[in-house]
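Data block below; observations after.
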Amino acid sequence: GAYSVVQWTNLGNAHTTNLIKIVLRLIDGDWLEFALCVGSAFLYFLAFALSAYWSKHSKSDLRYAVIIVEAVSLAAVFPQNWPVYTRLYPCVFATAFQWSIFCGAQGFNCATIFNSNNYRQFSSSFAEVYLNKDPSFRPKMKFFGCTLLFYHFGVVYVYLILKAFSSYAIWSGLLPLVVAAVMIHLHRKELAVAKVE
C-alpha cells in the first residue's frame, strides 16, 4: 500500500475509489479509464472468488500461496509510460487475495490491506476500556493497537527504502514475505506439537 501511494499517489487496494471512478468515467465518457477501472475491479473480484473457492477445496495452506502471489506481484514490472491502473493490477490482485486468506487472528476480523476499520476497532475498544471502564475490551484494544503500530512500521520501512533505492525498492518487499513464511512455518509447528500433546 505504501509503495503504491508513494510511487503513484494511488492506493492499490482502494476499491471504494475505483468503483466510484467507474461510475464517473461512465458519465464523462473517458472510456479508457473506465475500462482500466473495470479491469481493476475484475481482478479484485477474481482474487476474492478464487480465495473463497480454494479455501473450501484446497488441502494446502493457502497462506503460503499468498506469499507466492505477493512475490510474483513484486516481480511484475510494467513500463513507466503505461497508465497507473495497469501498473497497479498485480498489487490489486495480491492485496485482495492476501486480505481473504489473512482475514483475522485471535477471533478478530482484521484487515491486512487497509487501516480504516482497524483504526475504528481500536478507537471504539479504547473508549470502552477508558471511558466506559469495561476491561473486557482490553485484548481487542491491544490487538488493534498493535495492528496499527506494525502496519505503520511497514509504511516507514517502505518510505525509507524508497528514498534510498527509488523504484528498485520494490524488491525490499521480499524481506517481509520471508519473515511471514518463517512465522507461518513456526505457527504450523506449534499447532502440530499442540495436537500431539
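Calculated from the structure at hand, mean projected area of the Cα convex hull in nm² is found among (1) 10.7; (2) 14.2; (3) 12.3 as (2). If you sort the three axes of the alpha carbon gyration tensor as a ≥ b ≥ c, you get a/c of 1.5 or more for the stretch 36-123 and a/b no higher than b/c, which makes it oblate.
Of the residues GLN98, GLN121, GLN106, the one that moves most in a GNM of the chain with alpha-carbon contacts below 10 Å is GLN106.
Annotation: aspartates and glutamates with alpha-carbon distance below 13 angstrom to LYS140 (same-chain offsets under eight excluded): GLU128. Around THR147, under 13 Å between beta carbons, what's the net of Lys plus Arg minus Asp minus Glu among the other residues? Surrounding charge for THR147 is +3. The stretch 80-116 and the stretch 159-197 have Cα centres spaced 16 Å apart.
When the residues LYS59, LYS142 are ordered by accessible surface, computed with a 1.4 Å probe over the protein chains alone, the sequence from largest down reads LYS59, LYS142.
The alpha-carbon of LYS142 sits under 19 angstrom from the alpha-carbons of these lysines, leaving out residues fewer than 8 places away in its chain: LYS133. Between the Cα long axis of helix 31-57 and the first principal axis of the chain there is an angle of about 30°, rounded to the nearest 10.
The values are calculated or read from the model by the stated rules, or taken from the named source; none is laboratory data. Note that this is a predicted model, so its numbers are computed, not measured. Note that each Cβ is placed from the backbone with ideal geometry, even for glycine, and that neighbours are counted across all protein chains shown. The accessibility values were calculated without ligands, DNA or RNA, using every heavy atom of the protein model including side chains. Shrake-Rupley method; radii C 1.70, N 1.55, O 1.52, S 1.80 Å.
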